[in-house]
Every structure is written in C-alpha cells, then in structure tokens.
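First comes the structure, then the notes that go with it.
The values are calculated or read from the model by the stated rules, or taken from the named source; none is laboratory data. Note that this is a predicted model, so its numbers are computed, not measured. Ideal geometry is used to build each Cβ from the backbone, glycine not excepted, and the neighbour counts take in all protein chains shown. We work out accessible area using only protein heavy atoms, side chains counted, and drop any ligands, DNA or RNA first. Shrake-Rupley method; radii C 1.70, N 1.55, O 1.52, S 1.80 Å.
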Amino acid sequence: MPAASTWLSDLQRYLANITGFPRDIKLFLIYALFCNIGIGAFALLFNLYLVQLGYREDFIGLFNGLSTVALALGALALGRLLNRFGSWWCITYGTAAYVTASAVLAFMTGKYSILAVGLLQGVGTAFIFVPLMPFVIEHARPEVRSTVAALALSLTSVSATIGSLLSGWAPRLLGPLLGLPVPGAGSFRLGLVISLALTALALLPMWLMRQARLPQTQHTAQHLLVTSEERREREARRHAFAFVATGGLLSLGAGAVIPFYNVFLSSIGLRASTIGVIYALASLLGALLGLFSPVIARRLGSLDAVLVIRLLPVPFYLALVVLPNVPVAVIAHVIRAISISMAWPIDSTMVADILPPNARANAFSLRSAAWNLGFALASFVAGPVIVAAGYGPVFLAFVFFSLVSMAIFALNFRGHPAAGRREQAFVESD
C-alpha cells in the first residue's frame, strides 16, 4: 500500500506539472503531435513503394544509407545553427524543408532521382529530430524537463502512429476509388501525400509561438563532479564522448534492422495494411508507456532505467534468429518501439543535466550525427547481407551492438549523481 501511494503521488505531481506548462511549451507539444506523421508514413510505406517500382533490399539499403548520411551531415551543421539561431528557427524552417523534399520524393521513380531527392529529405529530417531536446532544454525548467521531454517524444510516437495508419490504410481504402491498383506504386504514393499534408500542419503552432522566437538563456541543473575549470572541461568532454559513442553503437544495430523491418514483415506474409496496424500499435504503446519514463527514472535511477529499457528488446531479437515467425516478429517490433520511447527522454535529460550549457547543443548534434552515420553504414552493409543470407545476421547485429553500447554507457556514468534516483534533482531545483 505505501508503494502504491508513492506511485500515485508521482502521478499526481506529473499531471500537475503538465497543467502548469507555459504557452509555448503547450504549442510545442501540439507541433510534436503532427511533425512525425510524414516520417511515420515514409518509415512504413516508402520501402514498399520502392519494391513496387522493382527495387530490392540492396537498393533499399543504399537509399536509406545515403539519406541517413545526409541526415548526419545536417546534424553536424545543427550544432552551430542551434547556438546561432536557436531551436525555434531550426525546427520551423527544417520542418518546412522536410515536407517539401518528401513531397517531391513521393513522385520520384528513377534510381538516381530517388537517391538525389532522398539526400535533401535526409537533411530536412535532421532539422526535425535534432533540435527537439535542445528546444526542451531552452524553454523548460530543469524540474519539469524530463516530463516535457517524455511528453514530446510520446506525442511524436502518436504522430508516427497516425502516419502508419494513414499510409497503411489510405491505399487500400482510397486507391480503388481512384482506380489505383492495391498494392501499387500509385496507391502507395497517395498514402504518402496525404500524410505529408497533415505533417505541414505542424508549422502552425510553431508560427504562433512568441517567447520561443527570442534568444534564450538556458536553465541548468548540471552535476559536474569537479570544480577546476580544466578538469571540468575534460570531464564534460568525456561524458559527451560516451553519450555520442553509445548512440553510434546503438545505431549500428538499429540500422541493420529498422530500414528493412517492414519488408521482413511483408516477406513472412503480412499485408501493408496489417503492417500499418502493427506499426501504429507499437507507436501508441511507446507513446503511452513513454509518459511514465520520468517516474521510472526517479524510482530506479536514470542509469539503471536506461540499461533495463534499452536491453529489453535483446531477448526477442535473439528469438527471431531461430523463430522468424509472425508472433515473435510483432512482439520484437513492439518492444523495440517501447524501448526507444521510454529510454530517449531519460538518457537525454540525464546528459543535459551533466553537461554545461555551451556543450549541450554540440553533444546532441554530434550524437545525432554519430547515430545517423552508424545507421547509414549498417544500412549499406545489411541490404546485401539480407539478399545473400537472410535476416538472421542483422538480428544478431542488433543484439551485439545493444549489449556493447550499454556496457560503455554503464561504465562511464555509473556513480555519477545525475545517474541516480531523481528525487534529489527535484529537491535541488526548488
């Protein structure tokens, strides 16, 4: 009963924090609800669109690899842009660029035109993903930062859910009305275009913001362990390197699996509409459970929570190596989506608390660059591997890099004050 009372108290404090958010934070959460619709639709449908055009996993891997390299280059540039123009500018104009490039890409059919426009889309995608946490850091107080981050990521998961459902069912429901074959390139293109029209609505709440347009002084709750300036900088560099390195290692496993997973599900007998429901269910569960990540971090400690959550999908991908059937495949995908939604706000908030303000934007942009370069490299390699040897090797790669990355993360942050139970952070910020 005391434990239940404590959890109830945490939930009440959580809801109280939400109702007290400033106007621009609430508008930002509305933005998060729409911004990922197009990304969710492309994640589900564009690979299947390429299959309808006659391409196979090797070209799909090449496309995803090149567009992800472009995303990484955009992320590298964002460190300076965030410090110069602020997160509002980067998010607003980056979202507009993403919608424009994606709309053009949906009508491409030739190999080289697909690759060229995919590069532009990749750069635009960086401007949606990378500034998310810097925006939260700039505009949310430290005591509610993890709550805002969890809500934002959960809403982007809901957004991806909308994109998955739209892109999965629009071809089947609307394609026949327009005389388009299902499955077919034309009906899949229809699903992509509808999703992008809704993504464009995300720009409205950004334009309605007031304070967020102005240069911001970042609030800090950093927990550096030393006071010497030289040692402080050295420690900050070490923590930033660990944050970036673990992201890069995680991406090697993710990049070997994620770009091809919808094709894998299709290969074991599922239709595009069914895959859309699976992706939507995974995103919804991730969104719901991601809301509770700040509470879990306070109860377990940030580091332990990250380790448990990040490693949760590992047994299921091991099982897929020997049991590549529909039930295991669906469970593995859902668990991985939940893991991403719950872990990201915890480790990002923890590192934001640890690093000094002038190092945060660069750390997040480098983390995104490392993630996307690793993702691209894995996509390049995984496509031909799948064509030659099937999906077993890429599932093993996911398991291996998940374990290695979390070992490095644990070794670097174990014992740090910001990695422990979060109640202390709330006391310090009052």
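Apply 1/(1 + (r/R0)^6) to the Cβ-Cβ distance of Leu323 and Leu288, taking R0 = 25 Å, and write down the FRET efficiency to the nearest 0.05. Please report the intermediate quantities before stating the final value.
Details: r = 27 Å, r/R0 = 1.09.
The calculated FRET efficiency here is 0.35.
At 7 Å along the Cα-to-beta-carbon direction for both Leu53 and Thr100, put a label point, then send me their distance in nm to one decimal.
2.1
Using the Karplus equation 6.51 cos²θ - 1.76 cosθ + 1.60 (θ = phi - 60°), what ³J(HN,Hα) coupling, rounded to whole Hz, does each residue of segment 363-368 give in order, writing x for Gly and Pro?
5, 6, 5, 5, 4, 5
Please work out the FRET efficiency for the pair Arg141 and Ile331, using the Cβ-Cβ distance as r and a Förster radius of 41 Å; give the result to the nearest 0.05. Mind showing how you got there, number by number?
Working: r = 38 Å, r/R0 = 0.93.
Efficiency computed from Cβ-Cβ geometry: 0.60.
What length, rounded to one decimal in nm, is gained on full extension from Arg213 through to Tyr112, with 0.36 nm per residue of separation minus their alpha-carbon distance? Write down the numbers at each step before the final one.
Numbers: separation 101, 0.36 × 101 = 36.36 nm, distance 3.82 nm.
Using 0.36 nm per residue and subtracting the Cα-Cα distance, I get 32.5 nm.
In whole percent, how big is the carbon plus sulfur part of the accessible area of segment 224-324, probe 1.4 Å, protein atoms only? Don't skip to the end; give the middle numbers.
Values: 2780 of 4060 Å².
Ligands and nucleic acids excluded, carbon and sulfur reach 68 percent.
I'd like the chymotrypsin sites (Phe, Trp or Tyr not before Pro) in segment 106-174 restricted to DSSP loop residues with at most 14 other Cβ atoms within 10 Å, sorted by number. Intermediate results must be reported in sequence, preceding the final value.
Working: sites: Phe107, Tyr112, Phe127, Phe129, Phe135, Trp169; in loops: Phe107.
Hits after loop and neighbour filter: Phe107.
Grab the Cα-Cα distance for Ala77 and Arg237, subtract it from 0.36 nm times how many residues apart they are, and report the gain in nm with one decimal.
On the way: separation 160, 0.36 × 160 = 57.60 nm, distance 1.91 nm.
That pair, Ala77 and Arg237, stretches by 55.7 nm at full extension.
Between Ile408 and Val308, with labels modelled 7 Å along Cα→Cβ, what's the label distance in nm to one decimal, could you check?
2.5
Accessible area of segment 26-138 with a 1.4 Å probe: how many percent of it is carbon plus sulfur?
67
Each label point is 7 Å from the Cα along the Cα-to-Cβ direction; what then is the distance between the points at Arg84 and Leu177, in nm?
Between Arg84 and Leu177, the simple spin-label model gives 4.7 nm.
Contour minus end-to-end for Ala388 and Tyr93, with contour as 0.36 nm per residue of separation and end-to-end as the Cα-Cα distance? Intermediate results must be reported in sequence, preceding the final value.
Numbers: separation 295, 0.36 × 295 = 106.20 nm, distance 4.14 nm.
This chain segment gains 102.1 nm when fully extended.
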